[in-house]
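The values are calculated or read from the model by the stated rules, or taken from the named source; none is laboratory data. None of the values given here were measured: they were computed from a predicted structure. All Cβ positions, even for glycine, are placed from backbone atoms using ideal geometry, and neighbour counts span all protein chains on display.
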Amino acid sequence: MGSDSWESREILAAYGAPAILIDRAGVILGKNGPAARIINEHPVFGLTYDQVRLRRNDEALRFDAALHTASHSRRKPSYVTLASRSGRPILVMRLAAVGDDPNGPVLCEIEDLVPRTDDAAALARAMGITVAQARVAALLARGMNVPDIARELGLKEATLRTHIRHTLGRLGLDGQQALAVCAAQMARFMGIVHPG
């Protein structure tokens, strides 16, 4: 952590939701366990020297604008939505200033919009597919592409594409994006979206 102060730990300990505390430059002053898990699991994040870095320029610009707004508006939080490569929203970040100092820290609450892979068994039961197929669907919902999912699950791309094809057929869906959306919606309905 950047500056692991008592105050930042106190603020984050009071937060049940995934949250990080950052300064105006995006340097992470503290993070709670659920937020650390989200940051590590989502491909949209890249962490360098304890600083929030987003992999695509448009996301970085949206995040910087939200951070600027939160820093200068003492009463209203600002929001930024991060999307997968396909443009589907996968994270919502709510940024709010902490205290009255315009140069003070900003609390960033993170809402995860996609299912975790550990919840694959519950997702599989709900969708009527196998656990292996549910793991693939959950990773598609996270915005990962086929090569990345194959590496993550230790499968050959051909095997992975077979899983996807069988899952699409079983659910009557047309395409990977439809499967990703279906998995994300089912996970939200079941309440298995947030880590932790």
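Within segment 140-149, can one find any residue that is free of Cβ contacts under 8 Å to residues at least 24 places away in the same chain and among the basic types (Lys, Arg)? No, there is no match, as no residue in segment 140-149 is free of Cβ contacts under 8 Å to residues at least 24 places away in the same chain and among the basic types (Lys, Arg). Taking segment 1-112 and the helices (runs of 4 or more DSSP H) fully enclosed by it, the elements with 3 or more residues that are closer than 24 Å to ALA138 by Cα and at pLDDT 75 or above are at 33-41. Of everything listed in (1) surrounded by 18 or more Cβ atoms within 10 Å (Cβ to Cβ); (2) under 20 Å from ALA184 (Cβ atoms), the single unmet condition for VAL146 is (1).
Picking from residues in segment 113-143 that are surrounded by fewer than 19 Cβ atoms within 10 Å (Cβ to Cβ) and outside any helix (DSSP H, G or I), the one that is modelled with the lowest pLDDT is THR130. Got at least one residue in segment 119-137 being outside the structural domain of PHE45 (by TED's automatic domain parsing), in contact (Cβ under 8 Å) with a residue 12 or more places away in the chain and in contact with a Pro (Cβ under 7 Å, 6 or more places away or on another chain)? Yes, segment 119-137 contains a residue that is outside the structural domain of PHE45 (by TED's automatic domain parsing), in contact (Cβ under 8 Å) with a residue 12 or more places away in the chain and in contact with a Pro (Cβ under 7 Å, 6 or more places away or on another chain).
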